[in-house]
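Worksheet: the structure to be examined is printed underneath.
The values are calculated or read from the model by the stated rules, or taken from the named source; none is laboratory data. Being a predicted model, the structure only gives us computed values, none of them experimental. Here the Cβ positions follow ideal geometry from the backbone for every residue, glycine too, while neighbour counts run over all protein chains shown. Remember, those area values only see protein heavy atoms, side chains included, never the ligands or the DNA or RNA. Shrake-Rupley method; radii C 1.70, N 1.55, O 1.52, S 1.80 Å.
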Amino acid sequence: MYRWEFEEPARLEAESLSPRVRQALEAFMEAVVIVDPMEYQRRRGAADTPLRSLHFGPHDEGLVTFLVYPPDELVLVVRIQWLGE
């Protein structure tokens, strides 16, 4: 099974989020790694690329960008953007 972790800049971005938002992000990333991260919420016809950007949060206020690295079963969060309050 895959595991996920923050790249250093993304870790700093995550630390600046409110506890509620950080919890939503962590729950979202746990869902990503339970299934195949390359296919999670992938739109039909979308390019098969290891770099993914997906919305998270109750109203999709956030965008998380992550890199899927199958040889190490690693999902590396590289950027977090939050547009909510």
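Observations
- Sequence-distant residues sharing a close amide H with residue 79 (under 5 Å, placed H): 65
- Long-range amide H partners of residue 4 with built H, under 5 Å: 75
- Over region 1-47, the reciprocal of the mean inverse Cα-Cα separation, the Kirkwood hydrodynamic radius, stands at 12.0 Å.
- Projecting the Cα atoms of 6, 16, 68 onto the dipole axis of the chain, where Lys and Arg carry +1 and Asp and Glu carry -1 at the beta carbon, places 68 farthest toward the positive end.
- Where only DSSP H runs of four or more residues are counted, the chain gives -9000 deg cm²/dmol as its mean residue ellipticity at 222 nm, each run worth -39500 (n - 2.57).
- The chain: projected area of the alpha-carbon convex hull, averaged over directions, in nm²: 5.5
- Carbon/sulfur fraction of accessible area - the chain, other protein chains in place, 1.4 Å, %: 52
- Accessible area per residue for the chain is 64 Å², calculated with a 1.4 Å probe on protein heavy atoms, without ligands, DNA or RNA.
- Quotient of C-alpha Rg and 2.2 N^0.38 Å, computed over region 23-66: 1.12
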